[in-house]
Amino acid sequence: MGNSIFTEVPQSQLKKWPSFTILISALLIQVNNLMFGFNLRLLTDLRTFIPAVLIANAILAGLFLLSGRVGVQWRLPAATLYGKIFGKLGCKLIMLLILPTGLIWIGWMTEMVAKSLLGIYPSLNYVLIITVIVGISVLSSIKELKGMELSSNLQVPIVALVIIIAGIRVLVTGNANAVPEAPLSEKLNLVQSISYVMLTWIGFLPFYADYTRFVRTKKDLAIATGIGWVVIYSLVMIAGGLFAGCGGEGGSGIVSGGGFDLIKILGSIGIPIFVAALIMLLCTWTFNDRSLYSYGIVINFVTGRERYRSLFIILGGVVAIFCAWLGVNDRVLTVLNWIGRIFVPLLAVFAYYFYFKYPRQTRVAGGGGGGNCDCDCDCKAAHDYEHQFSYQPFVAWLLGVLISCLAENRLLLSFGISLVVYALLDSFAPAGKLGGKVAGQTETKG
């Protein structure tokens, strides 16, 4: 990826839609996504489940396309793009808030898989299992795109084939209709179900540009994103819903994954245990290495010490192991809600800046390599904005977060509030200015 992760991606590294579809499919064809479909099916009836999955994933595809197009235009990682909006200091504050989420996800995914493996092989050491799982992911994330492509090419065809075979077997045996009825007090309506599905991927939205900067054209992005969320993720969640008839448990504890055990589910329909264990390990590998990759970009941006990026990834792996050891599984819904409340307003600010304020890709005067920079990378692209802090987007984002906390299951409302408030502040309030030129002063509209 060149000398710096903050430089623009060279033409030679750009990917067409088939390659990019496989890269993101590795994140979508996951054990945790099967679990989300499993849990949602236990909390709804079939007439709610299918429409909720399809509607939510259509919305998610639109949001990811919105976020991803900016990566295609600018060819820069998400942290740099948010730096243009909030200023260097403001972006670092945002990134510090985001930083733990990826590591918590890694800890949760690793914990879930490790405990399933212990159910098969109780003589194994739990700490050793989670250390090996995270360690492999650390190695591939250090290799960046090449490492992630390797893990994707191994995981996607194998796991997809097993899920397809398992889904067909469930339909043939009739287990898909054996889903236990959830208590009325725990049932989700259509709006709540759509919100649930959206929450499963909202946390990845701010980081999508980390990957879409490698996509060749906007058309390639649109095809890959549409296939990814509208088709692949919908099918994965529906497959998870089918599995709910093979081991679902009604009552409380469902949403935390208490009734979900993929190894037992696959075993009940004749899939060998070693195959189930293999796909769980492959899924965890790809899920974790992408989370560590995004974490690595964020921590390098915050510290400005890119020469230590491999060390930072290793340290992130250690923290993730500690999270898995402490246990995250029982708190996953709390984490999902927290992520949604923070990230949806953030996307609104992102959308306004890059689609209304500066709707076309522009070049900063004097951009390119060199220049004064407080990090040790060799490019000015990492910090090519000159303001330290811009209060307008910060206020808009905070108001959106406040609304999302006060109005439960109103993520789109918080998105709209942040978008409108930022537009009003940008139009009528004085421009933010701290430690440098006025925010965005050096940029010109296309």
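The values are calculated or read from the model by the stated rules, or taken from the named source; none is laboratory data. Keep in mind it's a predicted model, so treat the numbers as computed, not measured. Counting neighbours? That spans all protein chains shown, and the Cβs are built from the backbone with ideal geometry, glycine included.
Just a few scattered comments:
- When the criteria are applied in full, residue 316 meets the requirement of being within 19 Å of residue 104 (Cβ to Cβ), modelled with pLDDT of 90 or more and in contact with a helix residue (DSSP H, G or I) (Cβ under 7 Å, 6 or more places away or on another chain).
- Yes/no for residue 147 being surrounded by fewer than 17 Cβ atoms within 10 Å (Cβ to Cβ), more than 24 Å from residue 37 (Cβ to Cβ) and in contact (Cβ under 8 Å) with a residue 12 or more places away in the chain: no
- Here residue 78 passes the criteria (1) of a type outside the set (Asp, Glu); (2) out of contact with any Gly (no Cβ under 9 Å at 6 or more places or on another chain); (3) closer than 24 Å to residue 233 by Cβ; (4) touching a residue at least 24 places away in the same chain (Cβ under 8 Å) except the one numbered (2).
- Residue ID - surrounded by the fewest Cβ atoms within 10 Å (Cβ to Cβ), chosen from residues in the range 256-300 that are modelled with pLDDT under 85 and among the charged types (D, E, K, R): 264
- Restricting the first member to the range 115-127 and to residues that are touching a residue at least 12 places away in the same chain (Cβ under 8 Å), and the second to residues that are part of a loop (DSSP other than H, G, I, E, B) and surrounded by 11 or more Cβ atoms within 10 Å (Cβ to Cβ), the beta-carbon pairs closer than 8 Å and six or more apart or on different chains are 116/261; 117/124; 119/261.
- Selection status of residue 124, under 27 Å from residue 163 (Cα atoms) and surrounded by fewer than 24 Cβ atoms within 10 Å (Cβ to Cβ): yes
- Qualifying residue in the range 400-407 (condition: modelled with pLDDT of 90 or more, over 21 Å from the mean Cα position of the chain (by Cα) and either β-branched (Val, Ile, Thr) or surrounded by 16 or more Cβ atoms within 10 Å (Cβ to Cβ) (or both)): no
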